[in-house]
């Protein structure tokens with residue numbers, strides 16, 4: 001190990017390498033089988049707390065396009081305190097929006113067609129549909145809610161009031177940023193690990209990034225652009241939320257409303273005592289909960305406690321890419337597509353529905369790439385806005401895109417162009433896909449999200465791994481919504497062999513590696529299925 005690296009770096013890099021090479025070297029525990037009959041509940045349900053109803057989500061969302069919301073999200077911080085109606089739309093990004101049934105190529109498609117195992121759609125994507133993130137609000141006197149700590153109930157679209165105490169000063173101390181309201185995303189590991197075991201940390205860290213992207217876009221549409229905090233002291237946040245930091249842990253803290261350095265708002269803390277800090281009862285469906293040592297080790301390595309935030313590294317960690325090669329200037333989008341609210345309500349994965357004919361328009365591909373790049377430049381405490389670059393980069397493997405050869409291209413967002421590298425064989429790419437829910441030869445294009453993990457770990461230690469994964473997840477959700485707005489199919493996958501794709505793109509040995517794959521293209525006509533919306537426009541069968 002490089003002696004200059006922060007503690008825990010070796011653990012994070014070894015874990016990531018095992019995840020990238022899991023198709024060659026099987027992950028422990030050996031012989032693991034998913035016990036579907038003992039899976040956890042899809043929602044965290046408190047048994048002994050009062051509930052606060054919320055307005056319907058997205059009804060009051062301004063009629064802005066996904067691209068416009070992305071541009072706003074990447075802009076300077078705007079300190080407006082969101083209203084209760086606006087918070088309902090932010091939180092609703094992880095809530096239930098409708099009932100869907102549709103036969104497709106996903107492995108559990110047929111089992112979910114029955115009335116006793118419905119598929120409930122959500123605006124934000126999640127690996128394997130597990131939805132392991134939880135959302136909390138920590139409110140002070142200036143918030144639109146009574147001071148206290150609240151949990152968002154995704155099943156009922158309401159708030160669980162966990163405490164009447166004002167813990168804003170605690171979160172200000174933990175994050176270095178004082179605010180009158182905090183939005184916190186945690187991860188409950190078992191909700192994903194029961195299916196993905198040791199692989200789960202790699203998945204859930206991207207999941208929380210997808211949720212953050214939805215929050216950014218909705219807040220951006222309302223004109224309240226935040227600066228999320230990724231480097232914070234976990235202890236005070238866990239205490240305020242009543243979570244243990246091991247089975248459920250905070251990953252993102254978003255200060256909302258007017259903000260300042262920690263200490264400026266200490267006088268706003270309530271002087272009256274709050275509710276007792278007993279741990280509330282939570283319903284657990286699983287009879288047996290397992291731990292996975294690889295997940296526990298990499299999560300523990302990423303804890304930073306009171307360690308000072310490192311000085312920010314360069315904005316553009318991945319560089320500008322090849323300067324020479326086949327170049328294609330992408331056309332600017334001529335239509336904004338559907339608005340953000342509609343895109344959130346209708347987002348879904350195109351399992352087995354892709355068709356390579358007709359070819360994907362270069363304009364639609366360019367719109368997805370531009371939106372991903374825009375959101376990737378939105379600021380955090382470790383990379384404040386305005387950012388000139390991103391921690392991730394987009395590559396394109398086109399199979400059926402107008403005007404593009406079947407070769408790898410890197411996207412240059414500064415000039416909205418593609419620079420070509422070596423040819424790509426999609427039949428070979430299919431051989432490196434471990435699942436059967438997509439036929440890659442019917443996909444119009446594969447968007448490859450890459451990053452320089454080692455560079456970030458050099459600066460931030462093991463925390464850099466999870467921060468990079470959060471940015472990758474943001475890009476995935478941005479691609480989902482941009483593609484939905486353009487009326488094209490989309491699906492995110494982790495099952496393509498990373499080292500094989502790195503070889504195809506000439507990335508092996510460069511320090512840059514593939515992190516996630518986004519499939520894009522037109523869908524064949526759906527001949528059967530049903531969809532009914534819970535909120536918003538009246539439900540429609542299809």
Exercise for review: Classify the range 25-93 as rounded, prolate or oblate, taking a ≥ b ≥ c as the square roots of the eigenvalues of its Cα gyration tensor: rounded when a/c is under 1.5, otherwise prolate if a/b is larger than b/c and oblate if not.
Suggested key: oblate
Review point. To the nearest 500 deg cm²/dmol, what mean residue ellipticity at 222 nm is calculated for the chain from DSSP H runs of n ≥ 4 alone, each contributing -39,500 (n - 2.57), summed and divided by the residues?
Key: -8500 deg cm²/dmol
Study note, to complete from the structure: Packing-ranked peptide list from 87-96, 35-44, highest mean Cβ count within 10 angstrom first, is 87-96, 35-44
Revision key, fill the gap. Neighbour-count ranking for 292, 354, 32 (other C-beta within 10 angstrom, fewest to most) reads 32, 292, 354
**Study point:** For the range 352-427: relative contact order, % (alpha-carbon pairs under 8 angstrom, 6 or more apart)
**Key:** 25 percent
Practice item. Could you work out the relative contact order of the chain, using alpha carbon pairs under 8 angstrom and six or more residues apart, expressed as a whole percent? Key: 21 percent
**Study point:** Using alpha-carbon coordinates, inclination of helix 462-486 to the longest axis of the chain, degrees
**Key:** 70 degrees
Check your understanding: How high is the relative contact order of the range 411-542, in percent, with contacts defined as C-alpha pairs under 8 Å that are six or more residues apart?
Key -> 29 percent
**Study point:** Convex hull projection area averaged over all views, the range 347-417, Cα basis, nm²
**Key:** 6.1 nm²
Check your understanding: Does anyone have the angle between helix 362-376 and the longest principal axis of the chain? Alpha-carbon axes, 0 to 90°, nearest 10?
Key -> 30 degrees
**Study point:** Computed label-point distance, nm, for sites residue 33 and residue 283 using a 7 Å Cα→Cβ extension
**Key:** 2.8 nm
Review point. Once a ≥ b ≥ c are taken as the square roots of the eigenvalues of the Cα gyration tensor of the range 314-433, is the result rounded (a/c under 1.5), prolate (a/b larger than b/c) or oblate (a/b not larger than b/c)?
Key: oblate
Exercise for review: Select one label from (i) 67, 58, 51; (ii) 90, 59, 53; (iii) 116, 46, 43: the one whose number is Cα extents along the principal axes in Å as derived from the coordinates shown.
Suggested key: (i)
Check your understanding: Rounded, prolate or oblate: which fits the range 162-245 when a ≥ b ≥ c are the square roots of the eigenvalues of the alpha-carbon gyration tensor, with rounded for a/c under 1.5 and prolate only if a/b beats b/c?
Key -> oblate
Exercise for review: Would you mind estimating how fast the range 327-523 diffuses translationally, via Stokes-Einstein at 4 °C and 1.567 mPa s with the Kirkwood radius over Cα pairs, in µm²/s?
Suggested key: 77 µm²/s
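Values in this text are rule-based calculations from the coordinates and carry no lab data. Keep in mind that this is a model prediction, so the values were computed, not measured. As a convention, Cβ positions derive from the backbone with ideal geometry for all residues, glycine included, and neighbour counts pool all protein chains shown.
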